[in-house]
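The values are calculated or read from the model by the stated rules, or taken from the named source; none is laboratory data. Note that the structure is a prediction, hence the values are computed from the model and not measured. Please note: Cβ atoms are built from the backbone with ideal geometry, for glycine as well, and neighbour counts cover all protein chains shown. Calculation scope for accessible area: heavy atoms of the full protein, side chains included, ligands and nucleic acids excluded. Shrake-Rupley method; radii C 1.70, N 1.55, O 1.52, S 1.80 Å.
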Amino acid sequence: MSVSFTRKEMLPPLPPPVGERGVVKWARENLFSSPLNIALTVLGVLIVWWLVSASLPWWLNSVWNASSLGECREIVAARAGEGATGACWAMIRERWHQFIFGFYPPSEYWRPVLAFGLLFAALAPVLFSGEKRNLLIVLGSVTVFLAVTLWLAETPVVALVLSLALAVVLVAVSQIAPGKVLWFTLIYPPLCYWLLWGGSIWSPIVAMAGFAVLYAVFRLASPLIGLAPAAGAGVVAAVLWWLYLDVPIASFLQSALPFGIDAINSDRFGGFLLAIVIGVTGISFSLPIGILLALGRQSDMLIVKTLSVGFIEFIRGVPLITLLFTASLLLQYFLPPGTNFDIILRVIILVTFFAAAYLAEVIRGGLAALPRGQYEAADALGLDYWRAQRLIILPQALKISIPSIVSTFIGLFKDTTLVAFVGLMDPLKGVTQIVRADINWKGIYWEPYIFVGAIFFVFCFGMSRYSMYLEQKLKTDHR
Amino acid sequence: MAEASKMQVSDEVAIQIRGMNKWYGQFHVLRDINMTVNRGERIVICGPSGSGKSTLIRCINRLEEHQQGQIIVDGTELTNDLKNIDKVRSEVGMVFQHFNLFPHLTILENCTLAPIWVRKVPKKEAEETAMHFLRKVKIPEQAHKYPGQLSGGQQQRVAIARSLCMRPRIMLFDEPTSALDPEMIKEVLDTMIELAEEGMTMLCVTHEMGFAQAVANRVIFMDQGQIVEQNEPKEFFNNPQSERTKLFLSQILGH
């Protein structure tokens, strides 16, 4: 037999045989591949059938118009016969505003609504940097949302016109110079604070001026004493500003040019307003703190490293509720007498720390996953530590960690319901308890939890989808 | 291929290493290294694995720290002073065995990043320079792709272009062809030969003896952290002096 062989022409690719593609193949492989799998498929179908048949009547008999649980039950009994079950959504219809706003004064509902709409306008340039089409979609939706909801919330005409003008300007700017929308993101935090808590417009402006002081001192001092000492000097100057100059300047400006809106106390906040305020602030501050802690833990500097490790291990080692109790009770003892430190602010700080400690570990995992060659290449090109971190290391480490980072964010957002334990009115326990204490709705059980759970699901699912979009967008390795 | 003798070597000293020692913990990796590299010299360093050759050139841009002796690069001594280290690193280009391109940046961004952030070159100018060097390594058409889309040989040529964009006066090559398929080794070596012909000072750790014979004006053989033998390539290959060198050469040239 000869071993010599020469191919004259190359074979073209062919489609797979008919039995090996499409629905038939999928069902055969996934549902009916063996007797055990056939049995499990049948069992699964039966369980689904049982769940649906048990709960479907309850959903179908839903009542939307009633003034009490008793009335709901009568309507269900009249419609579907004695003994039938039915959901009583009439409670939501009557009490939805408490689930959303807590005890925020109804005449001021437009303020949280406006703050919520603008939140997305502020997030858009961060989430979709430079993508004109996505910015247009988000900012356009914000404009429509504000137009409808502000009108429904009976917003004062001046505020309505100004808000819509702002939204339209943002849409226009996003299409002309997408990068410039970031400026709105910068002014959003004080604006949001002012809208929600009200009071003199000068307090948030003067407080933000502290950051300007920090930056100015840093810029002026850095050529003289180097970057790190200049940053330290800037922080000291800003703290001095906040401690000694902030209040006098703000009250002086307020007396010279009085302008403000009704101040709302923190104890009026509740429901999703509270959950979103704590969640969003916690998320936006925990990420940078977490990054710094992760870098600190890897640092060669002993003190920085020890402090980072100590912070991470301590915060991660105690339950969040312990930290919340610390926020509500113990923190007051450590502060100078007479300082009244807002309870929501205290809770936000500790929730942020808690999430930051988890994020630090998540990001450390991402940093550890990078090959050493990336650090070496950055070094060999002469990039200094901060530039190497910012341009080379962190973009890759954060990308690797996106799923875990978003998990932590979702966890943080859901954990905001734990503030119920320190007497704040979270949507799940706080508001639901108030509703169920009402004589009209006594005994209602599933409906409030389903309602609150559904809203949480929408937010968390949104975050999850965004993280998948981001992973896809940043996927450049083509593996 | 060009002849080594045609290429200019000046008397100016580019790298001076005196009595340099390095330990990893208890392990003495580099032992009493003394060498001088003149501007325009092309040096090939070879030796068995673990002989310290990679560690030696990684000390020259302080990716590794030495514990004793002196390393002076372009008149700047390498000490713990970060300013000096960054200065040396921006003057010395390095090409790695595993390319170490930045996978999240395009080829063009890989090449412009350091000039923009370290040299403060305007973006436009940096891009022009980058395209110039990408044309030189013959892959300008890949400028807007990501490293993951390129073959190994192309990636290594990008890595060379990336180093050249910083306009280095010295180039270090750490086994640049060891991770490549045989078909791609040639394209990378050709790029390096072209660079040598332009008079770049080069230190190259490699086992490509053909390359050594073509462009090197000195071959250094290392074993157990020491320089065992150095000579002109012709003498080195035809008439090795030490037994260790003879054994090494018979093993790598014998197959």
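Does A:I92 meet the test of being over 21 Å from A:A167 (Cβ atoms), open to solvent by 20 Å² or more (accessible area, probe 1.4 Å) and in a helix (DSSP H, G or I)? It is false that A:I92 is over 21 Å from A:A167 (Cβ atoms), open to solvent by 20 Å² or more (accessible area, probe 1.4 Å) and in a helix (DSSP H, G or I).
Meeting the requirement of 3 or more residues that are open to solvent by 40 Å² or more (accessible area, probe 1.4 Å) and touching a residue at least 60 places away in the same chain (Cβ under 8 Å), the helices (runs of 4 or more DSSP H) wholly within segment A:270-335 are A:271-298. Kindly evaluate A:A437 against the criterion of being free of Cβ contacts under 8 Å to residues at least 60 places away in the same chain and either touching a Pro at 6+ places or on another chain (Cβ under 6 Å) or away from chain B (no Cβ under 12 Å) (or both). For A:A437, the condition - free of Cβ contacts under 8 Å to residues at least 60 places away in the same chain and either touching a Pro at 6+ places or on another chain (Cβ under 6 Å) or away from chain B (no Cβ under 12 Å) (or both) - is met. For segment B:189-224, residues that are outside any helix (DSSP H, G or I) and either closer than 18 Å to B:S49 by Cα or open to solvent by less than 40 Å² (accessible area, probe 1.4 Å) (or both) total 19. Selection of segment A:337-387 for residues being of a type in the set (S, T, Y) and either in contact with a Lys or Arg (Cβ under 8 Å, 6 or more places away or on another chain) or in contact (Cβ under 8 Å) with a residue 12 or more places away in the chain (or both) yields A:T352, A:Y358, A:Y375.
Is it true that B:K186 is farther than 23 Å from A:R387 by Cβ, open to solvent by 30 Å² or more (accessible area, probe 1.4 Å), touching a helix residue (DSSP H, G or I) at 6+ places or on another chain (Cβ under 9 Å) and of a type outside the set (S, T, N, Q)? Answer is yes for this residue. Among residues of segment A:119-136 that are open to solvent by less than 50 Å² (accessible area, probe 1.4 Å), those with a Cβ under 7 angstrom from a residue that is assigned to a helix (DSSP H, G or I) and among the hydroxyl-bearing types (S, T, Y), sequence gap 6+ or separate chain, pair up as A:A122/A:T185; A:A122/A:Y188; A:P125/A:T185; A:L135/A:S174. Quick check on segment B:116-131. Is at least one of its residues within 11 Å of chain A (Cβ to nearest Cβ), part of a helix (DSSP H, G or I) and not aromatic (F, W, Y)? Checked segment B:116-131: at least one residue is within 11 Å of chain A (Cβ to nearest Cβ), part of a helix (DSSP H, G or I) and not aromatic (F, W, Y).
B:G50 falls short on exactly one of the conditions (1) under 27 Å from B:N217 (Cα atoms); (2) open to solvent by 40 Å² or more (accessible area, probe 1.4 Å); (3) of a type outside the set (A, V, I, L, M, F, W, C); (4) modelled with pLDDT of 90 or more, and that condition is (4). Within segment A:441-468, residues that are open to solvent by 40 Å² or more (accessible area, probe 1.4 Å) sit with their Cβ atoms under 8 Å from residues that are hydroxyl-bearing (S, T, Y), at 6+ positions apart or across chains, in these pairs: A:Y449/A:T432. Of the residues making up segment B:154-183, those that are in a helix (DSSP H, G or I) and buried (at least 20 other Cβ atoms within 10 Å of the Cβ) number 11.
Residues in segment B:71-106 that are open to solvent by less than 20 Å² (accessible area, probe 1.4 Å), away from chain A (no Cβ under 12 Å) and polar (S, T, N, Q): B:T76 alone.
Do we find that A:N37 is touching a helix residue (DSSP H, G or I) at 6+ places or on another chain (Cβ under 6 Å) and open to solvent by less than 100 Å² (accessible area, probe 1.4 Å) in this structure? Against the criterion (touching a helix residue (DSSP H, G or I) at 6+ places or on another chain (Cβ under 6 Å) and open to solvent by less than 100 Å² (accessible area, probe 1.4 Å)), A:N37 does not qualify. Search segment A:355-394 for residues being of a type in the set (A, V, I, L, M) and within 9 Å of another protein chain (Cβ to nearest Cβ), and hand back the single one that is most open to solvent (accessible area, probe 1.4 Å). Residue satisfying both the conditions and the ranking: A:L391. A Cβ distance below 9 Å, combined with a sequence gap of six or more or placement on separate chains, defines the contacts here; from segment A:222-245, residues that are touching a residue at least 12 places away in the same chain (Cβ under 8 Å) reach residues that are among the basic types (K, R) in the pairs A:A230/A:R219; A:G234/A:R219.
Please work out if B:E109 is outside any loop (DSSP other than H, G, I, E, B) and either more than 14 Å from chain A (Cβ to nearest Cβ) or of a type in the set (G, A, S) (or both). In short, no. Across segment A:73-87, the number of residues qualifying as crowded, with 22+ Cβ neighbours inside 10 Å and either touching a Leu at 6+ places or on another chain (Cβ under 6 Å) or over 16 Å from A:I444 (Cα atoms) (or both) comes to 0. The single condition among (1) under 26 Å from A:L273 (Cβ atoms); (2) modelled with pLDDT under 90; (3) among the charged types (D, E, K, R) that A:E82 does not meet is (1).
One line per residue, one yes/no per condition, for (1) outside any loop (DSSP other than H, G, I, E, B); (2) within 28 Å of A:L182 (Cα to Cα); (3) among the basic types (K, R):
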residue: A:R79; (1), (2), (3): yes, no, yes
residue: A:A84; (1), (2), (3): no, no, no
residue: A:V113; (1), (2), (3): yes, yes, no
residue: A:G117; (1), (2), (3): yes, yes, no
residue: A:V138; (1), (2), (3): yes, yes, no
residue: A:L150; (1), (2), (3): yes, yes, no
residue: A:S163; (1), (2), (3): yes, yes, no
